[in-house]
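The structure under discussion appears below in the form of structure tokens.
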Amino acid sequence: MSTDAIVLLKNDHKEIRKQFKDFQSPKATTAQKGKTVKKIIELLTIHTYIENEVMYPRVRDLLPDLEDDVLESYEEHHVADVLVMELSMMRPTDERFEAKTTVLIENVEHHMQEEEQDWFPKVRTGLGRKALQELGADLAAAKKRAPKKPSQPSALKKTIDAVIA
């Protein structure tokens, strides 16, 4: 298996897209959508962790010309993290569950497309094969220790509960 960082991240994207497709299937029941969203939450929690903790800081350090792209990516992850946190506290039968999941999917799809079409080629050119393999090994190691669920600080949960109510 390749340890190229971009290959690893694209493989994550492929797995996330499969879950999105399963959620959007007209044949999916409410219960199936609930299970799919749990898997989406797990995949996105792990993926954003390894990008935020390893990929983005390293690229920001090694390729300072891409700093604006990295900062935008952090903000896109923040939006996804908020939606993931809210979804993790909802039931599939909640009125806004499907709408919130749809917004998450749209935001994450946009982010993944930007990375794959614009950012990854710049990173590949700027870092080269050896650095991407070293970075990929670090991403794989981070994936093993990554959380699988979003952390839910009680103050944030209370705020979200108040907004949802």
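Each value in this text was obtained by applying a stated rule to the coordinates, not by laboratory testing. The structure displayed is predicted, hence computed values, not measured ones. Every residue, glycine among them, receives a Cβ derived from its backbone with ideal geometry; neighbour counts consider all protein chains shown.
Overview of results
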| quantity | calculated |
| --- | --- |
| Highest-fluctuation residue, ALA146, ALA80, ALA131 considered, GNM on the chain with Cα pairs under 10 Å | ALA131 |
| Pairs beyond 23 Å (Cα-Cα), from LYS100/LYS122; LYS14/LYS122; LYS33/LYS143; LYS100/LYS148; LYS27/LYS143 | LYS100/LYS122; LYS33/LYS143; LYS27/LYS143 |
| Option label - Rg and Dmax of the Cα atoms in Å computed here, alternatives (1) 16.9, 60; (2) 16.3, 49; (3) 16.6, 51 | (3) |
| Nearest-ten-degree value, helix 120-145 long axis tilted from longest Cα axis of the chain | 50 |
| Three-way shape label, segment 11-71, alpha-carbon gyration tensor, a/c 1.5 | prolate |
| Charge dipole (debye, nearest 20) of segment 5-164; +1 at Cβ of Lys and Arg, -1 at Cβ of Asp and Glu | 1060 |
| Gained length - ARG17 relative to ASP118, 0.36 nm times residue gap less alpha-carbon distance | 34.5 nm |
| Furthest towards positive pole of dipole, ALA131, VAL103, ILE46, structure part segment 5-164, Cβ charges | ILE46 |
| Angle in degrees between helix 97-114 and the longest Cα principal axis of the chain, rounded to the nearest 10 | 10 |
| Theoretical gain in end-to-end length, ARG145 to GLU67 [0.36 nm per residue, Cα-Cα removed] | 25.5 nm |
